[in-house]
Amino acid sequence: MTFTNFIKRPVLSTVISILFVLLGTIGLISLPVEQYPDIAPPTISVMTTYTGADAQTVLNSVVTPLEESINGVENMTYMTSSATNDGMAQITVYFKQGSDANMAQVNVQNRVQQAQALLPAEVTRAGVTVSKRQSSNVIMFSLTTEDGRYDDQFVTNYALINVIPQLKRINGVGDIQTPGTRTYSMRIWLKPDKMKQYGLIPSDITKALDGQNIEAAPGKFGENSDMAFEYVLRYKGRLKTIPDYENIIISSSTNGQTLKLGDVAKVELGGLQYNVNLLNNG
């Protein structure tokens, strides 16, 4: 049929035009529309921290065991990993398009659990986080004070208590990161001259902290006995103030003299990290 036939037969031309319009309308109605379409493959992120370790140590002792355990998980296509000099380790696992992200997270979590025994004790205590997330950031924002009344530690603590929990409850939010976190932490600055004077090494301080800064259940006094009363023993638990930390006993002598943490270190309340500093507008 040529173009002249459409001119000679206007009714047929009109019917064909209406047919095209109807088909287009039906296609438009049936076309699926999503606010957040799945245009990227499901991604699972594995993150942990090895405090005090350099990038090579993190790579050998943390990343490698996790990669060997995660490799080959169901529907996995490939994975990438990174290690930093501040002890951070991150593994990103990519899955086939259309894979169930929830099931992928469960499978990766199971593989991570299998590798827990191969990880350093410090990493196990810190925990390994497995979460659903995309490799790119959706939005970045900063919290500031107009008059500079509050410092970084206060603003960070406010965000952790009031802002971040609300954002995590939003449907579709996979993870929220706070680079340069200045969470309130007890900072212990060792004095090299004092450490040398008393013949101490950093592991001696760590051992004292692990042994005296713990949560414990002492039990009861008089339980399962013929005593008239039972007394529940209470333990102070984790230390909270600067004097509590300064009074940690590092060593003691036979004559009753004790060496305390405050004698060989400066204890202060500060931020968790100082290796990252973020500025807003300059």
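Among Pro218, Pro243, which is in contact with a Phe, Trp or Tyr (Cβ under 7 Å, 6 or more places away or on another chain) and more than 24 Å from Ala121 (Cβ to Cβ)? Give the steps one after another, and end with the answer.
On the way: Pro243 fails: in contact with a Phe, Trp or Tyr (Cβ under 7 Å, 6 or more places away or on another chain).
Residue meeting the stated conditions: Pro218.
Out of Leu22, Leu59, I need the residue that is farther than 21 Å from Asp175 by Cα, in a helix (DSSP H, G or I) and free of Cβ contacts under 8 Å to residues at least 12 places away in the same chain. Which one? Spell out how you get there, then give the answer.
Numbers: Leu59 fails: free of Cβ contacts under 8 Å to residues at least 12 places away in the same chain.
Testing whether each residue is farther than 21 Å from Asp175 by Cα, in a helix (DSSP H, G or I) and free of Cβ contacts under 8 Å to residues at least 12 places away in the same chain leaves just Leu22.
Go through region 81-105 and report how many residues are modelled with pLDDT under 90 and of a type in the set (S, T, N, Q).
Residues meeting the conditions: 5.
Test Ala115 against the stated conditions and say whether it is surrounded by 13 or more Cβ atoms within 10 Å (Cβ to Cβ) and within 15 Å of the chain's Cα centre (by Cα). Write out each step before concluding.
Working: surrounded by 13 or more Cβ atoms within 10 Å (Cβ to Cβ): yes; within 15 Å of the chain's Cα centre (by Cα): no.
No: the conditions fail for Ala115.
Among the candidates Ile205, Ile214, Ile170, Ile176, which residue alone is in a loop (DSSP other than H, G, I, E, B) and within 23 Å of Asp244 (Cβ to Cβ)?
Working: Ile205 fails: in a loop (DSSP other than H, G, I, E, B); Ile170 fails: within 23 Å of Asp244 (Cβ to Cβ); Ile176 fails: within 23 Å of Asp244 (Cβ to Cβ).
Answer to the selection: Ile214.
Taking region 217-273, which residues are in a strand (DSSP E or B) and of a type in the set (S, T, N, Q)? Working first, answer last.
Narrowing region 217-273 to residues in a strand (DSSP E or B): 220-221, 231-232, 249-252, 258-260, 265-271.
Across region 217-273, the qualifying residues are Ser251, Ser252, Thr258.
Considering only residues that are under 14 Å from Leu272 (Cβ atoms) and of a type outside the set (A, V, I, L, M), look in region 155-172 and name the one that is surrounded by the fewest Cβ atoms within 10 Å (Cβ to Cβ). Don't jump to the end; show me each part of the working.
Keep residues of region 155-172 that are under 14 Å from Leu272 (Cβ atoms), which gives 155-157, 159-160.
In the following step, the residues that additionally are of a type outside the set (A, V, I, L, M) were identified as 156-157.
Numbers: Thr156: 22, Asn157: 15.
Selected residue: Asn157.
Does any residue of region 19-42 turn out to be surrounded by 11 or more Cβ atoms within 10 Å (Cβ to Cβ) and of a type in the set (Val, Ile, Thr)?
no
The values are calculated or read from the model by the stated rules, or taken from the named source; none is laboratory data. Values in this document were obtained by computation on a predicted structure and should not be read as measured data. Ideal geometry is used to build each Cβ from the backbone, glycine not excepted, and the neighbour counts take in all protein chains shown.
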